[in-house]
Amino acid sequence: MNRSIIMIMMLLLFSNIYSQESFLKLPGTKESFPTVIVNGNIISSESFIKENEGLIIKMSITKDEVNRHDHKFYNLTEGGIVFVEMNKKVNAKTQGELNVFFGIAEENKIYVNGYLVEDSNYKVGTDSVIGIEVVMPDATNKLQCKSINVLTSVKNKD
């Protein structure tokens, strides 16, 4: 009986340890800076916030672990999230608009700073973009089709 209880406890312990959800990101992504989300659904950058500091109404930061089921921004949280409400209309493009511009199917998912944007309602602030990479599928990234990676922060050179 005791042996069964110990086995069940060990099973629960190990299943809990390995039940952490993993982040969906491109190979080699080692960014540690927070994602900035402006006005609820626009992915932006720290430099954009600094340039428009006087227009900030409210700002909150989370480094808490969240889960994919309850939070549509889950995959962008590895470095934390900065939520900013601004008294400004932010220029932004939808994921579909970015894909079409780069000759990719409109419904394809995109990456921002190497992290997959899982929710199609997120837009990308055009004033925050410092570069865009077209990522071709290969054995390393295991992508099914060509994708884009929008850079809003400087990439690590590791």
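FYI, it's all coordinate maths here, none of it is from the lab. Treat the numbers as computed from the prediction; the structure is a model and nothing was measured. In this analysis, Cβ positions are derived from the backbone assuming ideal geometry, glycine residues included, and neighbour counts consider all displayed protein chains.
Table for the structure above
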| item | result |
| --- | --- |
| More than 19 angstrom apart: percent of Cα pairs within the range 84-146 | 33 percent |
| From phi via Karplus (6.51, -1.76, 1.60), per-residue ³J(HN,Hα) for the range 117-129 in Hz, x at Gly/Pro | 8, 7, 9, 6, 7, 6, 10, 10, x, 5, 6, 9, 6 |
| Full-stretch length increase - D119, K63 - with 0.36 nm per residue and alpha-carbon distance subtracted | 18.2 nm |
| DSSP-defined antiparallel bridges as percent of all bridges, the range 24-151, nearest 5 | 70 percent |
| Fraction of alpha-carbon pairs over 24 Å apart in the range 24-151 - percent | 26 percent |
| Set of lysines near K25 by C-alpha distance (under 25 Å), chain-local residues within fewer than 8 positions excluded | K63, K72, K93, K109, K123, K142, K146, K155, K157 |
| Added length on full extension, which subtracts the Cα-Cα distance from 0.36 nm per residue, E85 to E97 | 2.0 nm |
| For peptides 60-68, 120-128, sequence by mean Cβ density within 10 Å, most packed first | 120-128, 60-68 |
| Value of relative contact order over the range 21-158, rounded to a whole percent, pairs C-alpha under 8 Å and six or more apart | 28 percent |
